[in-house]
Amino acid sequence: MINKKVTNVQEALVGVKNGMTFMLGGFGLCGIPENAISELVKLDIREVTCISNNAGVDDFGLGLLLQNKQIKKMISSYVGENDEFERQMLSGELEVELTPQGTLAEKCRAAQAGFPAFYTPAGYGTEVAEGKETRDFDGKMYVLEPAFKADFAFVKAWKGDAAGNLVFKGTSRNFNPNMCGAATITVAEVEELVPVGELDPNNVHVPGIFVQRIFQGKEYEKRIEQRTVRQKQ
Amino acid sequence: MALDKNGIAKRIAQEVQDGFYVNLGIGIPTLVANYVRNDIEVEFQSENGVLGMGPFPFEGEEDADIINAGKQTITTMPGASFFDSSMSFAMIRGKHVHLTILGAMEVSENGDIANWKIPGKMVKGMGGAMDLVASAENIIVAMMHTNKAGESKILKRCSLPLTGVGCVTKVVTNLAVLEVKNNAFHLLERAPGVSVEEIQNATEGTLIVEGEIPEMDV
């Protein structure tokens, strides 16, 4: 077993620097690396480019980095629900690259899997494809999209072990597995770090080879963005 | 009388067939799930990574880790599965999802759709819409026929930035069911009590009317 365990978030984030590119897992506030985000705020790492499907809300998730004006550029598919984001974007302080959601996921996966680029039909004929190479395959047009390049990937899983194996719960999986191994260093935080051997190898969602550092996260808030319920009849 | 949002959803639900995997967009499309016949088997996919989506949870049973693409807390049905975003879009891009239902600001007679950006206004992003419309073979658009000023949203050419080109197959509005083919909107059905003339007047794009046009059964 190759040990990936680090003692805490401070150790997990050794090497993060101003101007770096980070991938952050999560969909809305579901499955976001809460501990890594808090630590990036504390470390006051600035001028960063964040690859993340969304940008959090004003007072949680990536919104915390935005409030602190640490983000230079966001690469996302959807960035509603965040007033500070809107203000910084409209004033030109924040650069935003909107990317179709499936393309965003695949640009992560391509980086993970060693593909420099791939063709996708998404965005063909729209402004997303402007300036990009397009090509006809069997009568349908596709856009060439390059893989992402990132310095750190911060992901969050439900369970993990010191070997770096990860298991996710529900829809908090989302972009997290696609970002593992897609950056130079992948840092996984988990709700529960279990002893090696406890995870059934049949049920590991991300093998430890894609993770460089893993730590037991703490104080997860797991905030719900839209609480929708029905009444019992 | 023109349909309301629930009426549009009810009519679209009739397009959902037994054995279909269906992706529902945010807004009117989400309502479609409420009107699908209960004697057929259908699975709803949400692009954030769930197949076999169920209704909202009972109060007190919400789980922050189980949401839909609208970030709403949901439940899952027996036989459901969770997966990552790349696999989710493999289902969509790989044409494994049979039917995509989404909203639009504008559609054009050649099947273009605009639903993500209004120049001069805060852009929130396209989310998964561009992937969905670029790949799905069966796309139904749920929308109002005209905007608040009474101007047609069923156009010759979209004026807003496009989400996808030549992809829309059917449009269900508060006034009509339209099929999009051969660079025209073909009128299939009228909302109850709405005349062909009213639909003509509310449609800027080419509208083909052939024979008697039946009323929707909603």
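The values are calculated or read from the model by the stated rules, or taken from the named source; none is laboratory data. Bear in mind that the values here come from a model prediction, so they are computed numbers and not experimental data. Don't worry about glycine lacking a Cβ; one is built from the backbone with ideal geometry, like all the others, and counts go over all protein chains shown.
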Open item on the list: Residue under question is B:Ser81, and the condition is that it be of a type in the set (Ser, Thr, Tyr) and part of a strand (DSSP E or B); does it hold?
Closed with: yes
Task: Matching residues in region B:56-70 - criterion: being more than 7 Å from chain A (Cβ to nearest Cβ) and in contact (Cβ under 8 Å) with a residue 40 or more places away in the chain - done: B:Ala69
Open item on the list: Considering only residues that are within 14 Å of chain B (Cβ to nearest Cβ) and not in a strand (DSSP E or B), which ones fall in region A:203-216?
Closed with: A:Asn203, A:Val204, A:His205, A:Pro207, A:Phe210
TODO: For residues that are away from chain A (no Cβ under 13 Å), under 12 Å from the mean Cα position of the chain (by Cα) and surrounded by fewer than 23 Cβ atoms within 10 Å (Cβ to Cβ), tally how many sit in region B:12-26.
DONE: 3
Open item on the list: Just to confirm my filter: which helices (runs of 4 or more DSSP H) fall fully inside region A:63-129 and include at least 1 residues that are within 11 Å of another protein chain (Cβ to nearest Cβ) and surrounded by fewer than 23 Cβ atoms within 10 Å (Cβ to Cβ)?
Closed with: A:83-90, A:101-113
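Within region A:170-202, take every residue that is within 16 Å of the chain's Cα centre (by Cα) and assigned to a loop (DSSP other than H, G, I, E, B) and give me the one that is surrounded by the fewest Cβ atoms within 10 Å (Cβ to Cβ).
A:Thr184
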Task: Which listed residue is within 18 Å of the chain's Cα centre (by Cα) and either at the interface with chain A (Cβ under 10 Å from one of its Cβ atoms) or among the hydroxyl-bearing types (Ser, Thr, Tyr) (or both), from B:Ser86, B:Ser46, B:Ser81 - done: B:Ser46
TODO: Looking only at region B:119-165, count how many residues are part of a loop (DSSP other than H, G, I, E, B) and more than 8 Å from chain A (Cβ to nearest Cβ).
DONE: 20
TODO: Quick one: count up the residues across region A:220-233 that are surrounded by fewer than 15 Cβ atoms within 10 Å (Cβ to Cβ) and either over 15 Å from A:Leu29 (Cβ atoms) or of a type in the set (A, V, I, L, M) (or both).
DONE: 4
Task: region B:88-123, residues that are free of Cβ contacts under 8 Å to residues at least 60 places away in the same chain, over 16 Å from B:Phe185 (Cα atoms) and touching a helix residue (DSSP H, G or I) at 6+ places or on another chain (Cβ under 9 Å) - done: B:Ser88, B:Phe89, B:Ala90, B:Arg93, B:Gly94, B:Lys95, B:Asn115, B:Trp116, B:Lys117, B:Met122, B:Val123
TODO: Test each condition in (1) of a type in the set (S, T, N, Q); (2) away from every other protein chain (no Cβ under 11 Å); (3) in contact with a Ser or Thr (Cβ under 6 Å, 6 or more places away or on another chain); (4) not in a strand (DSSP E or B) for A:Thr49 and report the one that comes out false.
DONE: (4)
TODO: Output the number of the condition that B:Lys95 fails; it satisfies all remaining conditions of (1) at the interface with chain A (Cβ under 10 Å from one of its Cβ atoms); (2) among the charged types (D, E, K, R); (3) part of a loop (DSSP other than H, G, I, E, B).
DONE: (1)
Open item on the list: Just to be sure I understand the filter: pairs with C-beta atoms under 8 Å, separated by 6 or more residues or on different chains, first member in region B:178-193 and of a type outside the set (Gly, Ala, Ser), second member modelled with pLDDT under 95. Which pairs pass?
Closed with: B:Pro192/B:Met1; B:Pro192/B:Val218
- [ ] Pick out the one residue from B:Thr30, B:Thr100 that is within 14 Å of chain A (Cβ to nearest Cβ), closer than 29 Å to B:Ser159 by Cα and modelled with pLDDT under 95.
- [x] B:Thr30
Open item on the list: Between B:Ala64, B:Ala9, which is surrounded by 18 or more Cβ atoms within 10 Å (Cβ to Cβ), in a loop (DSSP other than H, G, I, E, B) and not β-branched (Val, Ile, Thr)?
Closed with: B:Ala64
Open item on the list: Name the single residue that is surrounded by the fewest Cβ atoms within 10 Å (Cβ to Cβ) among those in region B:166-202 being part of a loop (DSSP other than H, G, I, E, B) and small (Gly, Ala, Ser).
Closed with: B:Gly193
Task: Pick from region B:67-119, criterion under 20 Å from A:Lys156 (Cβ atoms) and of a type in the set (Gly, Ala, Ser), ranking: surrounded by the most Cβ atoms within 10 Å (Cβ to Cβ) - done: B:Ser88
TODO: Identify the residue in region A:155-164 that is surrounded by 24 or more Cβ atoms within 10 Å (Cβ to Cβ) and closer than 22 Å to B:Val50 by Cα and, among all such residues, is nearest to the chain's Cα centre (by Cα).
DONE: A:Val155
Open item on the list: part of a strand (DSSP E or B), away from every other protein chain (no Cβ under 12 Å) and either aliphatic (A, V, I, L, M) or over 14 Å from the mean Cα position of the chain (by Cα) (or both): is that true of A:Lys132 in this structure?
Closed with: no
